[in-house]
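Here it is, the structure in full.
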Amino acid sequence: MQNLFTTQFADHLRGGYSCFDRVIIRGYIHKLFYEGGLINFLRSVGFRKFSNGVMRIFTDQLNAHIEKLSRNLNIDLLWWPSVDGGKNGAKLEYVAKRYARKCKKQGDFIYCIISCMERARSFATRSFPKKHGGSYDKMYRCSKMVKHYYIYFHDCLLGGPCYLKICTYFPFNVEFYFNGHNAVRLRLDAEGIKYRLKDNSFTWVEDIEAIQRIAFSLSGSEVQKRINYWIGRLFRFDKGKYSTCPRVLHHAWYLSQVEVCSNLIFKSSRFGTSVFERILDKYSRVGQPDSLVQIFNKRSTRKSTRSVQRLYDHQACVKHWFRGNSIKTYNKCGFLIRIESTLNSPKLLGLKKHLLYLRDYLRRGMESNNRLMSCYADVDTGSLLDDETDILNQAVVSAKGVKIAAPDLRKKRQAQLFKALLNPKHAAFGFRTVDLLGKVSEFFENVAQIRYEMQKLRARGLIERVQGKQLYRLTESGFQVLWLKLTSNSHFADPLITRTYRKKAARILSQPSKMEEAYDLLDQGLTLIAQELHVIKAA
């Protein structure tokens, strides 16, 4: 996990890691998605009439299998309104507190089963009269409150608690949940790697690189094998002496929500909290649409971005939305800052929804997290070398032997061009000189003048051409150098203290005894500004 932010605070970090957090996978039986498919299925199993009573037979058989499983394995079957009936997510908390913390077993076993009523898409039939007497049944899709089972269990690969949510009515949609931290913890135990875990976060790991390795080793095919194992045990229909499931009722698995978190572990809780407070101060600027375009590396649409600041587990959280996907930052436990991408609309990010593409979600989430962390560090100058901006002050010779002058920031149009180049959306999909002309037309008459100034930056490796396209893009060093140069010019090259000094010049000359005191105050002020901008290190 390398980015500008981790480079900036390398001396203050114990380490960092990225892995899956919350992963929700949904299963669908495609042949039962429409009325005709359901009718064909009922015909294939021997029914001629397609009424609500016929469909209810399968619901009763599924309920009977779950109840029999609960009795045979001595598993608690709980009715949620009588147990807690809390808000969304409360079921998982309830199981984790009552069952998961007490149970020290390994392997595959079930904690408990929770039943509740939830609204779902289903089918129903209704009788309509015929013109010449009699009636006929018509099937239609509808939304209604139906019974669902949440079956919580421990998995030998994914840890626990995981759950399988089963809808007891056609089309029998199911949902599978696991947490990536639990899967990593299980593998660390198997490999004998020591660690400390707090609030679903690793605060210390003997070999922190192992987390990254384990996270990428978790493939979609392995997860699907575990899901097939549990669905084969739990999604069955009771036939009296045995339970079975027709081969036609085969689920296809798709990723519904994937959370990818990047965790930075600071050495000091006080320092980590101070850094997070600075992030809170600047969240509104990072949450602008152009910045979110840069973070997710996608074009924006009208009204497709927004940012909010809210409480997450009684702590401040900064959350940015981009076309259904989101990214948030929060202080997990004082010395651990978590940046978490939640991918709800993978198609908008060029990802495929099938479970087999699980690793692609991890890569894409880590890329977004790294871009956000780089945005948090964009005002920092401490990671730059002292002589990096000299390339803007001295002439260079191109590969063809042509001497190219240095940019002159005393010209206002040059500074405006730098500001236009630093626009975050250019980092996502590049820019053309025509695009820049619309933003700096007040200072440049035509495209040729912009190209002349851009040539100075290309010769210094600050701008590069996108291969195969008529587009340019700032390099990573170019972003750093231009930002530092503009910041330095604003705060030091043309300081406000010059004008303040001129206003008080006459009074200072009349009191020469206070000149030394004024110089000391001026020196202290400039030193404080330099330390805040990280140009120099504090003593």
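The values are calculated or read from the model by the stated rules, or taken from the named source; none is laboratory data. As the structure is a computational prediction, the values presented were derived from the model and not from experiment. Using ideal geometry, Cβ is built from the backbone for each residue, glycine included, and neighbour counts are taken over all protein chains shown. Remember, those area values only see protein heavy atoms, side chains included, never the ligands or the DNA or RNA. Shrake-Rupley method; radii C 1.70, N 1.55, O 1.52, S 1.80 Å.
Can we say residue 429 is modelled with pLDDT under 80 and of a type in the set (Phe, Trp, Tyr)?
yes
Would you check which residues across the range 4-44 are of a type in the set (Gly, Ala, Ser) and either open to solvent by 20 Å² or more (accessible area, probe 1.4 Å) or more than 20 Å from residue 231 (Cβ to Cβ) (or both) and list them?
10, 15, 16, 18, 36, 44
A further question follows. Look at residue 99 and say whether it is in contact with a strand residue (DSSP E or B) (Cβ under 7 Å, 6 or more places away or on another chain), part of a helix (DSSP H, G or I) and either closer than 30 Å to residue 33 by Cα or in contact (Cβ under 8 Å) with a residue 40 or more places away in the chain (or both).
Taking the combined requirement at face value, the residue satisfies it.
Do we find that residue 375 is in contact with a strand residue (DSSP E or B) (Cβ under 7 Å, 6 or more places away or on another chain), modelled with pLDDT under 90 and either closer than 30 Å to residue 273 by Cα or open to solvent by less than 30 Å² (accessible area, probe 1.4 Å) (or both) in this structure?
It is false that residue 375 is in contact with a strand residue (DSSP E or B) (Cβ under 7 Å, 6 or more places away or on another chain), modelled with pLDDT under 90 and either closer than 30 Å to residue 273 by Cα or open to solvent by less than 30 Å² (accessible area, probe 1.4 Å) (or both).
Kindly check whether there is at least one residue in the range 205-228 that is out of contact with any strand residue (DSSP E or B) (no Cβ under 6 Å at 6 or more places or on another chain), β-branched (Val, Ile, Thr) and open to solvent by less than 10 Å² (accessible area, probe 1.4 Å).
yes
Just wondering, is there one or more residues in the range 261-268 that are in contact with a strand residue (DSSP E or B) (Cβ under 9 Å, 6 or more places away or on another chain), closer than 30 Å to residue 15 by Cβ and β-branched (Val, Ile, Thr)?
yes
Next question, about the same structure. Taking into account only those residues within the range 436-455 that are among the acidic types (Asp, Glu) and open to solvent by 90 Å² or more (accessible area, probe 1.4 Å), which is farthest from residue 416 (Cα to Cα)?
Among them, the one singled out is 445.
Within the range 15-31, does at least one residue satisfy the condition of being at pLDDT 90 or above, part of a helix (DSSP H, G or I), of a type outside the set (Gly, Ala, Ser) and in contact with a strand residue (DSSP E or B) (Cβ under 9 Å, 6 or more places away or on another chain)?
Yes; the residues of the range 15-31 include at least one that is at pLDDT 90 or above, part of a helix (DSSP H, G or I), of a type outside the set (Gly, Ala, Ser) and in contact with a strand residue (DSSP E or B) (Cβ under 9 Å, 6 or more places away or on another chain).
For the range 196-208, how many residues are in contact (Cβ under 8 Å) with a residue 24 or more places away in the chain, within 15 Å of residue 14 (Cα to Cα) and not in a loop (DSSP other than H, G, I, E, B)?
5
Next up: Which of the residues that make up the range 118-137 are in a strand (DSSP E or B), open to solvent by less than 90 Å² (accessible area, probe 1.4 Å) and either among the polar types (S, T, N, Q) or out of contact with any helix residue (DSSP H, G or I) (no Cβ under 7 Å at 6 or more places or on another chain) (or both)?
118, 120, 122, 125, 127, 128, 135, 137
Could you tell me which of the residues 224, 212 is outside any loop (DSSP other than H, G, I, E, B), polar (S, T, N, Q) and more than 30 Å from residue 335 (Cα to Cα)?
224
Restricting to the range 69-106, and then to whatever is aliphatic (A, V, I, L, M) and in contact with a Cys (Cβ under 8 Å, 6 or more places away or on another chain), can you tell me which residue is modelled with the lowest pLDDT?
95
Pairs please, first residue from the range 110-133 and of a type in the set (D, E, K, R), second anywhere and surrounded by 17 or more Cβ atoms within 10 Å (Cβ to Cβ), Cβ atoms under 7 Å, 6+ apart in sequence or on different chains.
Listed pairs, sorted by first residue: 118/148.
In this structure, does residue 140 turn out to be part of a strand (DSSP E or B) and under 27 Å from residue 60 (Cβ atoms)?
Taking the combined requirement at face value, the residue satisfies it.
Given the structure, is residue 91 open to solvent by less than 50 Å² (accessible area, probe 1.4 Å), among the charged types (D, E, K, R) and in a helix (DSSP H, G or I)?
yes
Follow-up question, since we're still on this one. Considering only residues that are open to solvent by 10 Å² or more (accessible area, probe 1.4 Å) and of a type in the set (A, V, I, L, M, F, W, C), which ones fall in the range 141-159?
142, 145, 156, 157
Condition check ((1) touching a residue at least 24 places away in the same chain (Cβ under 8 Å); (2) in contact with a Lys or Arg (Cβ under 6 Å, 6 or more places away or on another chain); (3) in a helix (DSSP H, G or I)) across all residues:
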{"site": "399", "(1), (2), (3)": "no, no, no"}
{"site": "414", "(1), (2), (3)": "yes, no, yes"}
{"site": "436", "(1), (2), (3)": "no, no, yes"}
{"site": "441", "(1), (2), (3)": "no, no, no"}
{"site": "445", "(1), (2), (3)": "no, no, no"}
{"site": "450", "(1), (2), (3)": "yes, no, yes"}
{"site": "453", "(1), (2), (3)": "yes, no, yes"}
{"site": "467", "(1), (2), (3)": "no, no, no"}
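Residues are listed down the side, and each one gets a yes or a no for (1) assigned to a helix (DSSP H, G or I); (2) of a type in the set (Val, Ile, Thr):
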| site | (1), (2) |
| --- | --- |
| 152 | no, no |
| 161 | no, no |
| 164 | no, no |
| 172 | no, no |
| 178 | no, no |
| 182 | yes, no |
| 187 | yes, no |
| 190 | yes, no |
| 193 | no, yes |
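One line per residue, one yes/no per condition, for (1) under 21 Å from the mean Cα position of the chain (by Cα); (2) of a type outside the set (Asp, Glu); (3) modelled with pLDDT of 95 or more:
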position	(1), (2), (3)
141	no, yes, no
166	no, yes, yes
170	no, yes, no
178	yes, yes, yes
196	no, yes, no
215	yes, yes, no
239	no, yes, no
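Scan the range 339-348 and give yes if some residue there is touching a His at 6+ places or on another chain (Cβ under 6 Å), closer than 26 Å to residue 423 by Cα and at pLDDT below 85, otherwise no.
Keep residues of the range 339-348 that are touching a His at 6+ places or on another chain (Cβ under 6 Å), which gives none.
No.
Right, another one. When you look at residue 381, is it of a type in the set (Val, Ile, Thr) and either within 24 Å of residue 296 (Cα to Cα) or modelled with pLDDT of 85 or more (or both), yes or no?
Working: of a type in the set (Val, Ile, Thr): yes; either within 24 Å of residue 296 (Cα to Cα) or modelled with pLDDT of 85 or more (or both): no.
Answer is no for this residue.
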